[in-house]
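These notes concern the structure reproduced below.
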Amino acid sequence: MKTALAFAALATLPCAPLAALPPPADAPPIAVKAARLLDVKSGRYVDRAVVVVRGEVIEAVGTEVPAGARVIDLGDRTLLPGLIDTHTHVLLQGDATQAEYEEQILKEYPAHRVARAVRALKIALEHGFTGMRDLETEGASYDDVALRDAVNEKVIPGPRLQVAGPALSTTGTYPILHFRPDWKFPVGVQTCDGADGCRRAVREQLSYGTDWVKVYANTGGLHTTPDGYIDSPPNWTREELAAVVSEAHARGSKVAAHATSDTGARIAVEAGVDSIEHGDSIRPELAREMARKGIFLSPTLTVTTYVAEPRAKEGRRIWAEIPKSHARSIANCRRAGVRIAFGTDAGGFPWTEINQAREFEHEVRVGMSPLEAVRSATTVAAELLGLGGKIGVVEKGAWADLVAVPGDPLKDVAVLSRVDFVMKAGEVVRAPVP
């Protein structure tokens with residue numbers, strides 16, 4: 001896949017954190033010790049675990065410390081792979097209300113937005129998220145591409161990033177709308193119309209170095225259906241959305257679709273997108289089709305919970321109903337065998353107020369087991385990003401991304417909000433206070 005190759009290519013650059021200059025031949029390995037290691041594939045613990053790291057790669061996993069190794073002893077903690085959030089917006093800082101959104105898009109200077117994004121990346125990394133997919137910049141052009149590259153060059157700290165640039169939608173379907181027609185305002189997305197226009201937009205975006213294409217399958221006009229789901233008009237014709245997906249796939253890129261309504265999800269699945277974002281309204285038959293096609297769901301429960309009340313209070317009462325439909329939709333997807341990838345929509349809520357890891361608690365609340373929740377942010381998320389076996393696991397040959405927490409995440413996923421050790425690419429980012 002293009003995304004996997006892009007990450008691998010970075011490893012050849014001297015400045016990239018995926019593989020900076022190799023350590024001297026006589027440099028000692030690092031042995032990370034903990035009371036237990038969660039093998040996320042088997043769901044079992046390895047007691048008295050030792051993970052041996054050489055350079056940026058895991059050299060061995062066992063229970064013995066090799067001679068001459070530098071030891072990091074984490075005591076009575078649980079080791080896990082670095083966590084992965086597959087739906088974030090580092091260039092947003094909370095948009096529960098229309099006023100908050102317009103303030104950032106219309107008034108905040110671009111450099112200020114980037115500065116706050118740098119802070120968001122540091123927060124995410126220190127919370128244990130060593131990998132993220134950032135799904136569109138909301139009026140900030142291709143600044144996410146620049147931030148990804150700055151992380152890779154070690155200019156700023158942050159997770160490994162895959163980015164989408166500006167999302168795509170059609171004319172008149174995405175904020176900011178209804179301002180003076182003789183003035184030009186940022187609209188939060190790149191607009192394209194007609195199949196040819198959509199192909200041109202995809203080509204343009206990929207030329208700027210994006211990893212993903214994101215589309216808004218639906219936005220306005222949300223309403224409840226008689227059977228308790230959510231629907232709306234679509235943003236696209238079938239021909240337009242098919243053109244986006246086929247053009248992206250032809251060029252080795254994947255497509256993520258914001259789909260919060262039944263119609264939005266249906267046209268996105270029909271077009272063959274690679275992931276459904278939010279998925280607030282997915283009936284059983286559509287869930288089965290997603291499973292058949294191998295389409296992932298990134299449910300973003302944290303943001304759904306966060307925005308429901310303030311949006312309902314400002315007059316968009318449908319948002320008070322969405323959490324119930326959302327929970328049903330996730331249950332339908334689990335029964336159908338849809339792969340659920342951890343996604344929070346961080347940036348839709350303030351990075352400084354809520355730890356992304358709260359998503360684990362929401363996942364368990366709607367019926368996922370703690371192990372399912374952990375896998376959603378490790379092995380499943382890695383598969384979605386095309387990096388299975390490289391991230392999301394602790395095993396020989398994988399990149400050395402590790403986190404540790406006090407307690408047992410299979411008994412209480414809330415401990416994942418208390419990460420106090422983070423290693424990314426063999427470098428310690430955060431360590432417990434002695």
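Taken as a whole, the condition of being within 19 Å of the chain's Cα centre (by Cα), at pLDDT below 95 and in the same structural domain as residue 271 (by TED's automatic domain parsing) does not apply to residue 149.
Across the stretch 169-186, the number of residues qualifying as under 30 Å from residue 242 (Cβ atoms) and modelled with pLDDT of 90 or more comes to 6.
Mind checking which residues of the stretch 383-403 are in a strand (DSSP E or B) and either polar (S, T, N, Q) or touching a Pro at 6+ places or on another chain (Cβ under 8 Å) (or both)?
391, 402, 403
Mind checking which residues of the stretch 150-161 are out of contact with any helix residue (DSSP H, G or I) (no Cβ under 6 Å at 6 or more places or on another chain) and under 23 Å from residue 215 (Cα atoms)? Within the stretch 150-161, 160 is the sole residue that qualifies. The residue pairs whose first member lies in the stretch 408-423 and is under 18 Å from residue 73 (Cα atoms), whose second member is surrounded by fewer than 16 Cβ atoms within 10 Å (Cβ to Cβ) and hydrophobic (A, V, I, L, M, F, W, C), and whose beta carbons are closer than 6 Å, counting only pairs six or more residues apart or on different chains, are 421/431.
Of all the criteria given as (1) in contact with a helix residue (DSSP H, G or I) (Cβ under 7 Å, 6 or more places away or on another chain); (2) at negative phi, the one not satisfied by residue 252 is (2). Restricting to the stretch 47-89, count the residues that are without any contact (Cβ under 8 Å) to a residue 60 or more places away in the chain, of a type in the set (Asp, Glu) and surrounded by 18 or more Cβ atoms within 10 Å (Cβ to Cβ). Count: 0.
Considering only residues of the stretch 146-184 that are aliphatic (A, V, I, L, M) and under 21 Å from residue 84 (Cβ atoms), which is surrounded by the fewest Cβ atoms within 10 Å (Cβ to Cβ)?
So the residue we want is 156.
Selection of helices (runs of 4 or more DSSP H) fully inside the stretch 190-295 by the criterion of at least 2 residues being hydroxyl-bearing (Ser, Thr, Tyr) and either farther than 23 Å from residue 320 by Cα or within 19 Å of the chain's Cα centre (by Cα) (or both) returns nothing. The requirement of being over 21 Å from the mean Cα position of the chain (by Cα), of a type outside the set (A, V, I, L, M, F, W, C), part of a loop (DSSP other than H, G, I, E, B) and within 27 Å of residue 365 (Cβ to Cβ) is satisfied by residue 411.
The residues listed here are 187, 202; of these, the one that is more than 29 Å from residue 387 (Cα to Cα) and crowded, with 20+ Cβ neighbours inside 10 Å is 187. Does residue 349 satisfy the condition of being modelled with pLDDT of 95 or more, under 19 Å from residue 256 (Cα atoms), surrounded by 16 or more Cβ atoms within 10 Å (Cβ to Cβ) and assigned by TED's automatic domain parsing to the domain that holds residue 138? Here the answer is no, as residue 349 does not meet what is asked. In this structure, residue 119 does not satisfy being in contact (Cβ under 8 Å) with a residue 60 or more places away in the chain, over 16 Å from residue 354 (Cα atoms) and basic (Lys, Arg). Among the residues in the stretch 281-291, are any more than 22 Å from residue 134 (Cα to Cα), of a type in the set (Lys, Arg), surrounded by fewer than 22 Cβ atoms within 10 Å (Cβ to Cβ) and modelled with pLDDT of 95 or more? Scanning the stretch 281-291 turns up at least one residue that is more than 22 Å from residue 134 (Cα to Cα), of a type in the set (Lys, Arg), surrounded by fewer than 22 Cβ atoms within 10 Å (Cβ to Cβ) and modelled with pLDDT of 95 or more.
If the condition is being free of Cβ contacts under 8 Å to residues at least 40 places away in the same chain and under 23 Å from residue 87 (Cα atoms), then the stretch 193-233 contributes 204, 207, 232. Scanning the stretch 323-342 for residues that are over 19 Å from residue 223 (Cβ atoms) and either assigned to a helix (DSSP H, G or I) or free of Cβ contacts under 8 Å to residues at least 40 places away in the same chain (or both) gives 330, 331, 332, 333, 334, 335, 336.
Filtering 14, 22, 28 for residues that are at pLDDT below 95 and in contact with a Lys or Arg (Cβ under 7 Å, 6 or more places away or on another chain) leaves a single hit, 28. For the stretch 352-362, a tally of residues being surrounded by fewer than 22 Cβ atoms within 10 Å (Cβ to Cβ) and assigned to a helix (DSSP H, G or I) returns 2. Checked against the criterion of being touching a Phe, Trp or Tyr at 6+ places or on another chain (Cβ under 6 Å), of a type in the set (A, V, I, L, M, F, W, C), assigned to a loop (DSSP other than H, G, I, E, B) and closer than 24 Å to residue 120 by Cβ, the stretch 343-351 has at least one qualifying residue. Inspection of the stretch 299-322 finds a residue satisfying the criterion of being at pLDDT below 95, of a type in the set (Lys, Arg), within 26 Å of residue 236 (Cα to Cα) and not in a helix (DSSP H, G or I).
The values are calculated or read from the model by the stated rules, or taken from the named source; none is laboratory data. As the structure is a computational prediction, the values presented were derived from the model and not from experiment. Counting neighbours? That spans all protein chains shown, and the Cβs are built from the backbone with ideal geometry, glycine included.
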